[in-house]
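For reference, the structure is listed below as structure tokens.
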Amino acid sequence: MVGAGFGGVGTLVMLKRAGYENVTVFEKGERVGGVWNYNTYPGAACDVPSHLYEFSFAPNPRWSRRYAPQAEIQAYIEDVARREGVFDRVRTNTEVERATWDEERAKWTLQTSAGEHEADVLVTACGQLSVPSVPPLPGLDSFAGPAFHTAEWRHDVELQGKRVAVIGTGCSAIQTVPAIQPLVSHVDVYQRSPGWTLPKMDFAYPETAKKLFERFPALLRFDRAFTFAFLETVTAAMTSRRWLLPVFRAVARRQINRAIKDPELRRTVTPGDEFGCKRIMLTDDWYPTLTEPNVELVTDRIAEVTPTGIRTADGRERPADVLVLATGFKSHAFVAPMEIEGPGGHTLAEEWRDVARAYLGLSVPGFPNMFVLYGPNTNGGAVSIIHQLESGIGHVIAALRELDTRRADRIELTREASDAFNRELRDALAGTVWHSGCTSWYVDEDGNDPSQWPWQWTAYRRRTATLAPGAYRFSANERVPVAS
Ligand code: NAP
């Protein structure tokens, strides 16, 4: 396995519980945790309620808040790995550079930074937001002060009393700007295009609530089910029931109007594109922060970064001591920079040259015994990625069981199943908000090929639970096809 975030740890635990113990996870970071290990910027927290943003098999009644902060989520992942006895299955500080399929032996050979490893089945769980995107801004390298990405936060850089420039107004920026604003002397926030928000309504759980969750786990399950049902409604609004969108847009507008009195600033932060096309951001403090006297929201295009600040297209240069790039991630790279080479030397990068697609986001034709967790089109505009991951892991377990039952050693998605799924996917995506035209990590640079799941998440759970008849081809070592 590659990657020890929620996907990798979840797979280890679920496979162990299903009786598959011979699993090794390679993790390039020095700890498990994935994005929660890397994204330590001030204010980093989850924007999915914690009782849904946790493993279904490891409910935590003691989250400190409705939306847990980063450090607590990181501690939770480590705690689950330890309690479930899978910690020693993770090889940290080990990057998988290449995986090559050996057709003769029906095995994957992994070239890692610590040597070679052989595997019958390859599961990747690299996350979609793990490779920081640094825009090619002219002069960026000339900046004299510290400049860093939110996912590579420099905790050694003192922000007290400094002038800070933050580029970007996505989920990371709207969390970190309110967190640093009270410390810094001034912060310029460079917005290219605004995104819709909704009130987060975050709060700390009082001790009595945590005790109640501990004593009555049904309460926790109810909260989880209720949150899931609500987020499924948001999913419907972005996909098959877009007539629901005006309701959410009205709430979003009200949030802006209540927090901001200045009509010009209101106009500047109100998006023109469809609600949900960019990721909806949950916040209670973004707009109030923008009204603080030491904050300026800059909307002029960035012309260049200078050694001492940022010059915008109108010719004005704003000085900065520190530059923060809240510019997101290379979300369409999926398993990159790892190279995967299937039978006949055909690489995954070649297969995905036009667009990355995978059956149920998990399986790619021509790449046997391989599953891509959180692969193409398994992202949602709402709900919890952990639900998606657990569904995908369930599919991997179903495949392993089928291999055992058939005494086969090779499972491969059929091209027909892949093509049929891709047609179905394209048709469904066409009617979603993600084809309404906006810049977002959900879509590629041309605004095409949304990497989103265009249906409900209950449908994903149902479809991944079993192997559809005929979707996969099985064979045994002697290359004799086993009936599919
Ligand atoms: P993002 O949503 O992709 O936002 C990147 C921001 O940088 C956008 O405002 C973008 O503007 C701007 N940008 C990019 N290139 C630029 C350029 N050349 N010049 C000016 N502005 C530029 O990235 P993110 O905020 O890191 O969030 C990514 C995702 O991570 C989120 O959507 C979310 O799923 C996840 N996340 C989750 C949490 C959580 O609470 N669970 C917290 C943080 C992040 P445009 O919009 O105009 O492209």
Subject >> Point-to-point label distance, A468-R407, nm (Cα→Cβ direction, 7 Å offset) >> reply: 3.0
Subject >> In nm, spacing of pseudo-spin labels at E292 and R461 (7 Å Cα→C-beta vector) >> reply: 4.0
**OP:** Putting +1 on Lys and Arg Cβ atoms and -1 on Asp and Glu Cβ atoms, find which of W108, Y205, L129 reaches farthest to the positive end of the dipole of the range 82-212.
**Re:** Y205
Subject >> Scattering profile of the range 345-442 at q = 0.20 Å⁻¹ [log10 I(q)/I(0), Debye over alpha-carbon scatterers] >> reply: -1.15
Original post:
How many nm is it between the label spots at R221 and A336, if each spot is 7 Å from the Cα in line with the beta carbon?
Top reply: 4.4
Subject >> Percentage, to the nearest whole number, of Cα pairs in the range 75-114 over 15 Å apart >> reply: 59
Original post:
Taking only the alpha-carbon atoms of the range 88-170, what semi-axes of the equivalent ellipsoid follow from 5 times the gyration tensor eigenvalues under a square root, in whole Å, largest first?
Top reply: 40, 15, 12
Original post:
How far, in nm, would the chain grow between N477 and D88 when pulled straight, counting 0.36 nm per residue and subtracting the alpha carbon separation?
Top reply: 137.0 nm
**OP:** Compute the Rg/Rh shape ratio of the range 189-244: radius of gyration over Kirkwood radius, all on alpha-carbon atoms.
**Re:** 1.16
**OP:** Excluding residues on the same chain fewer than 8 positions from K200, give the lysines whose Cα lies under 30 Å from its Cα.
**Re:** K162, K210, K211, K261, K278, K330
**OP:** Taking the Cβ of K330 as the centre, find all other residues whose Cβ is under 12 Å away and add up their charges (Lys, Arg: +1; Asp, Glu: -1).
**Re:** -2
**OP:** Would you kindly calculate the mean projected area, averaged across all directions, of the convex hull enclosing the Cα atoms of the range 76-227, in square nanometres?
**Re:** 16.0
Subject >> Radius, Kirkwood style, for the range 146-301 when every pair of distinct Cα atoms is counted (Å) >> reply: 17.8
**OP:** Give the cross-link partners of K107 among the lysines, using a straight C-alpha distance below 27 Å as the criterion and excluding same-chain residues fewer than 8 apart.
**Re:** K16, K28
**OP:** With only Lys, Arg, Asp and Glu charged, each at its Cβ (+1 for the first two, -1 for the last two), find how big the charge dipole of the range 1-93 is about the Cα centre; round to the nearest 20 debye.
**Re:** 100
Subject >> Beta bridges per DSSP with both ends in the chain, % antiparallel, nearest 5 >> reply: 50
Original post:
What does the highest-first list of 413-424, 326-337 look like by mean Cβ count within 10 Å?
Top reply: 326-337, 413-424
Original post:
How big is the convex hull of the Cα atoms of the chain, per residue, in Å³?
Top reply: 153
**OP:** Average the reciprocal distances over every distinct pair of alpha-carbons in the range 265-387, invert the result, and give the Kirkwood radius in Å.
**Re:** 18.9
**OP:** Calculate for the chain the 222 nm mean residue ellipticity that helices alone would give, adding -39,500 (n - 2.57) per DSSP H run of length 4 or more and normalising by residue count, nearest 500 deg cm²/dmol.
**Re:** -9500 deg cm²/dmol
Subject >> Degrees between helix 171-180 axis and first principal axis of the chain (Cα, 0 to 90, nearest 10) >> reply: 40
**OP:** Work out, step by step, the length gained on full extension between R316 and T40: first 0.36 nm times the residue separation, then minus their alpha carbon distance; give nm to one decimal.
**Re:** 96.2 nm
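Read-outs: derived from the displayed coordinates by stated rules, not from any lab. Keep in mind that this is a model prediction, so the values were computed, not measured. Here Cβ is always computed from backbone atoms with ideal geometry, including for glycine, and neighbour counts include all displayed protein chains.
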